[in-house]
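What follows is one structure encoded as C-alpha cells, with my remarks underneath.
The values are calculated or read from the model by the stated rules, or taken from the named source; none is laboratory data. Quick caveat: nothing in here was measured; it's all calculated off a predicted structure. Here Cβ is always computed from backbone atoms with ideal geometry, including for glycine, and neighbour counts include all displayed protein chains. Protein only, heavy atoms only, side chains kept; ligands, DNA and RNA dropped before computing areas. Shrake-Rupley method; radii C 1.70, N 1.55, O 1.52, S 1.80 Å.
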Amino acid sequence: MKRIRNLTSVNSLLRPVAAPAINASLSLLHSSASTVASAAAIPETPSPELQPQLLSTLPPSRNALASAKLPALHARLNLHPNYPIQTLARALVDPSADKNPRFTNQNLTTLGNTLTGYYAAEYLMVTYPRLPTEVLYAAVSAYVGNKALASLGREWGIESAFEPTADVDAGLLQFSRLAPGVDPKAALHRDPHAGSTLEHAMANLVRSVFAGVYLHEGLSATKQFFRQHVLSRKLDVDKLFDFTQPTRELSRLCAREGFEPPVARLLAETGRHSRHPVFVVGVYSGSELMGEGHGGSLDEARIRAAVNALKGWYLYSPPEKDLPSKTEESRDAKFKPAYIDPGEVIV
Amino acid sequence: MLRIHPHPSMILNANSPRTDHIVYNPPSSAPTPLITPTLFLPKDDPRRRLFAAAAAAPPKPANQLPPPLREPYEKSYHLTLADCKRMRSLRNTDPGRWHRTALAKEFNCSSLFVGMVCQASEERLAQMAFRAEKVKSRWGPKRTIAREDRQKRRAGWGGADGL
C-alpha cells in the first residue's frame, strides 16, 4: 500500500459542502474542522439533483458538535486528537440514509474494506502459510467479514436510529431499514440507497472508522488499531476445516512429499465388545506418527486420524513471522520473506 | 481404590537429580493439530534441530509399532491400457453379470480401481437407483431416521462436527 504523499485523495473523502451563500453557523463549522478540510480551497458546484438544501441551522443528525455520544465514542476508542469528530459523524451515516455521497460513509467504507481485508489476509498468510485457499477465505471472513465487524461495532456501544430523520442524534448509526421479508443480499446488490440491514450498516461503520484512523492518525496507528480490535479476537483456525476424503488426500500428500505411505495403527481401545467402545488410531508414515484420532468405531478413528494429520500439515506456522507491511513503516527494516509452499493437495 | 504405579519420575533412585528440577508429566489428552509433527516441518525450520537434540528414544522398528488396522500390501501395476478397455467393454455389454466385484476378481485388482476405470451406463445407474428407492420407501420411521443420522455423523468426521 503506497503512502499518501499529498492530501488530494483525503480531500475528496472529507470535503464538506462549500455552498456559495455561507451561513454564520456553517462557516463556524468549517473553520473548526480539521486543517485538511479547510485546505479545500476551491468550492465545487454540485450537480443540480444533488444540490443540498440550504437550511438556516444544521439539523441535529448532521450537527456533530451538538452530540454528546460522539466525543464519548471518540474517547472510548482512544482515538488521537487529530481524528476529528466530524469524520466519526460522517462514518455513522449509511448511503441508505442520504442520497448525497458527500455526507455518507460510502468512500470511507471502500478504503476501510481494503485496509481490513489486506491486514487480515496478510496476517493469516504469514502465520499459516500452508492454509488451503477456501479455509483462508473463511478465516479472513471470520476476522473482518460483515458478521465480525458488526459485532465489533456493537461492542463499541454504537446504537442505531430507527429511522434516518433529520432530528436524530448525530452519534447514532443512521440507515434506512429494509421492509420485512425482503431478501437483504438481493436488495443491497440492487440499490444500496434503498435500504440496508443493521449488520451491513454496522460493519460498514466499523470499516469507515478504520479508514478514518488511517487518514488522520497514520499507518502505525492503523496497524495498532487493527491488532487491538481485530486480531485480538479468538479464532480457532483448526475448526474451519471440512475434508470429504481425508484418507485419500493424506495418501496423495505423502506421495507428493516423498514420505512413506500412511498406515493406520491401533494405539488403544476399550475392547471390541464394549458398550460404547473408544478406539484410538494413529496414522504412521514409516515409524513417524503423523496424526492421531479417536472414535466409536475403527472407521471413525481412522478417518479422524487422517483429518488430524492433514490439519497438522496445513496449520504449520513458521517461528519468525515478518508481515510484508513491516517495510512500509521503515525502508531499512530487516524483512525475512514468508514461507511459500507448493499448495494444497490435489486429489 | 484405584491402584496405579507411580510415575517413573516420582521414584527415587541413584540416578535421581539432587537439585531442584522440573518434572514434566502432563495428563493424557488428545494432541492438538496446531503442533506440527517433525516430519511435516520444512527442511530449514530451526525446530527440527531442536527436536532432534531433545529426542529421548530412537524411532521404533516396524515390528514394535502398534498393530496396523489393515495389513500393508504391495501395490501392483499389472493392468495395461488394453485391459482397461476390455474392462469397460465388459461393463457396457452386461452390467448385470460384470459388476464391480466380478470385474475385480477377473482382473485381480480392487473394486475401487474398477470404479475409477469404468462406470455403468446411465440407464443401469438409473435402474439401480430406482431399486434402492423402492427398498428405502419400505423402511419405517426409526430405520429412516437412524440411517439419516448415521449419514450426518459420517459427514461430520471430516472436521465439520468441531471435534
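Please give the charge dipole size of the stretch B:1-124, origin at the Cα centre, charges +1 on K and R Cβ atoms and -1 on D and E Cβ atoms. Round to the nearest 20 debye.
That gives the stretch B:1-124 a dipole magnitude of about 120 debye.
Classify the stretch B:47-163: rounded, prolate or oblate, from the alpha-carbon gyration tensor (a ≥ b ≥ c, eigenvalue square roots; a/c under 1.5 rounded; otherwise prolate if a/b is larger than b/c)?
Taking the square roots of the gyration eigenvalues as a ≥ b ≥ c, the stretch B:47-163 is oblate.
Kindly state, as a whole number, the per residue volume in cubic angstrom of the convex hull around the alpha carbon atoms of the stretch B:77-116. Display every interim value, and only then the final one.
Working: hull volume 2.4 nm³, N = 40.
For the stretch B:77-116, the hull spanned by Cα atoms encloses 59 Å³ per residue.
From the phi angles alone, apply the Karplus equation (6.51, -1.76, 1.60; θ = phi - 60°) to the stretch A:275-280 and give each ³J(HN,Hα) in whole Hz, x where the residue is Gly or Pro.
The phi angles translate into 4, 10, x, 10, 10, 10 Hz.
In the stretch A:328-343, which residues become less accessible by 20 Å² or more once every protein chain is in place, relative to the chain on its own, using a 1.4 Å probe?
By number: A:Tyr339.
Specify the residue with the greatest mean-square fluctuation among B:Thr32, B:Thr144, B:Thr19, computed from a Gaussian network of chain B linking alpha-carbon atoms under 10 Å apart.
Of the options given, B:Thr19 has the highest mean-square fluctuation.
Tell me, rounded to the nearest percent, the portion of alpha carbon pairs in the stretch B:1-102 spaced more than 16 Å apart.
Everything past 16 Å amounts to 82 percent.
Across all directions of projection, what mean area in square nanometres is found for the Cα convex hull of the stretch A:213-252?
If I average the Cα hull's projected area over directions, I get 4.8 nm².
Within the set of other residues whose C-beta is less than 13 Å from the C-beta of A:Pro319, count the net charge using Lys and Arg as +1 and Asp and Glu as -1.
+1
Please list, or write none, the aspartates and glutamates whose alpha carbon is within less than 12 Å of the alpha carbon of A:Lys336, excluding same-chain residues fewer than 8 places away.
Within the straight-line cut-off, A:Lys336 pairs with A:Glu320, A:Asp322.
Please identify the DSSP H helices in chain B that span no less than 24 Å along the helix axis (Cα) and have a mean Kyte-Doolittle hydropathy of 0.5 or more.
The qualifying helices: there are none.
Which pairs in the list A:Lys239/B:Lys136; A:Lys147/A:Lys234; A:Lys147/A:Lys185; A:Lys185/A:Lys239; A:Lys321/B:Lys43; A:Lys311/B:Lys142 are over 25 Å apart, alpha-carbon to alpha-carbon?
Exceeds cut-off: A:Lys239/B:Lys136; A:Lys185/A:Lys239; A:Lys311/B:Lys142.
Relative to the longest principal axis of the C-alpha atoms of chain A, give the angle of the C-alpha long axis of helix A:198-217, reported between 0 and 90° and rounded to the nearest 10°.
70
Carbon and sulfur: what percent of the protein assembly as shown's accessible surface (1.4 Å probe)?
56
Taking N as the number of residues in the stretch A:210-285, what value does Rg over Cα atoms divided by 2.2 N^0.38 Å take?
Numbers: Rg = 23.1 Å, N = 76, 2.2 N^0.38 = 11.4 Å.
Against the empirical 2.2 N^0.38 Å value, I get 2.02 for the stretch A:210-285.
Could you compute how fast the stretch A:214-347 diffuses translationally, taking Rh as the Kirkwood radius over C-alpha pairs and applying Stokes-Einstein at 37 °C with viscosity 0.692 mPa s? Give it in µm² per second.
181
Which order do the peptides A:260-272, B:61-73, A:214-226 take when ranked by the mean count of other beta-carbon atoms within 10 Å per residue, highest first? List each step's numbers first, then the result.
Details: A:260-272: 15.5, B:61-73: 10.8, A:214-226: 18.4.
Sorting A:260-272, B:61-73, A:214-226 by mean packing, highest first, produces A:214-226, A:260-272, B:61-73.
Under 5 Å between amide H atoms, partner at least 5 residues away or on a different chain: which partners does A:Ala97 have, H built in plane at 1.01 Å?
Counting only residues 5 or more places away or on other chains, the set is A:Ser176.
Among B:Leu79, A:Leu65, B:Ala55, which residue has its Cα positioned farthest towards the positive end of the charge dipole of the protein assembly as shown, with +1 placed on the Cβ of Lys and Arg, -1 on the Cβ of Asp and Glu, and the dipole taken about the Cα centre?
B:Leu79
Quick check for you: with a 1.4 Å probe and neighbouring chains kept, what is the accessible area per residue of the stretch A:116-238, in Å²?
About 44 Å² of surface per residue is accessible.
Can you show me the helix-derived [θ] at 222 nm for chain A, built from DSSP H runs with n ≥ 4 at -39,500 (n - 2.57) apiece and divided by the number of residues, rounded to the nearest 500. Intermediate results must be reported in sequence, preceding the final value.
Numbers: 14 runs with 147 residues, N = 347.
Helix contribution divided over all residues of chain A: -12500 deg cm²/dmol.
Quick one: in the stretch A:86-142, what % of C-alpha pairs are over 15 Å apart?
For the stretch A:86-142, the fraction of Cα-Cα distances above 15 Å is 58 percent.
Quick one: angle between helix A:298-314 and the longest Cα principal axis of chain A, in degrees between 0 and 90, rounded to 10, please.
Here the helix axis deviates by roughly 50 degrees.
Residue farthest toward the positive end of the dipole of the protein assembly as shown, with Cβ of Lys/Arg at +1 and Asp/Glu at -1: which of A:Val126, B:Asn15, A:Ile340?
So the residue furthest toward the plus end is B:Asn15.
Would you pull out the residues with amide H under 5 Å of A:Ala268's amide H, same chain only if 5 or more places away, H placed 1.01 Å from N?
Result for A:Ala268 returns A:Val280.
If you take the accessible area of B alone, add that of A alone, and subtract the area of the pair, what total do you get in Å², probe 1.4 Å, to the nearest 100?
So the buried area, both faces added, is about 3100 Å².
Over all residues in A:289-296, what is the mean tally of Cβ atoms on other chains that come within 10 Å of each residue's Cβ?
Shielding by partners across A:289-296 averages 3.
Find the percent of Cα-Cα distances in the protein assembly as shown that exceed 41 Å, and round it to a whole number.
Value for the protein assembly as shown: 47 percent of Cα pairs lie more than 41 Å apart.
Once you charge only the Cβ atoms, +1 for Lys and Arg and -1 for Asp and Glu, what is the size of the charge dipole of chain A about its Cα centre, to the nearest 20 debye?
Result for chain A is approximately 380 debye, rounded to the nearest 20.
When we measure straight from the Cα of B:Lys75, which lysines land under 18 angstrom away, once same-chain ones fewer than 8 places off are left out?
B:Lys75 reaches B:Lys105.
I'd like the Karplus ³J(HN,Hα) series for the stretch A:101-118: coefficients 6.51, -1.76, 1.60, θ = phi - 60°, whole numbers in Hz, and an x wherever there's a Gly or Pro.
Along the stretch A:101-118, the couplings run x, 6, 9, 9, 9, 3, 5, 4, 4, 4, 5, x, 5, 4, 4, 5, x, 5 Hz.
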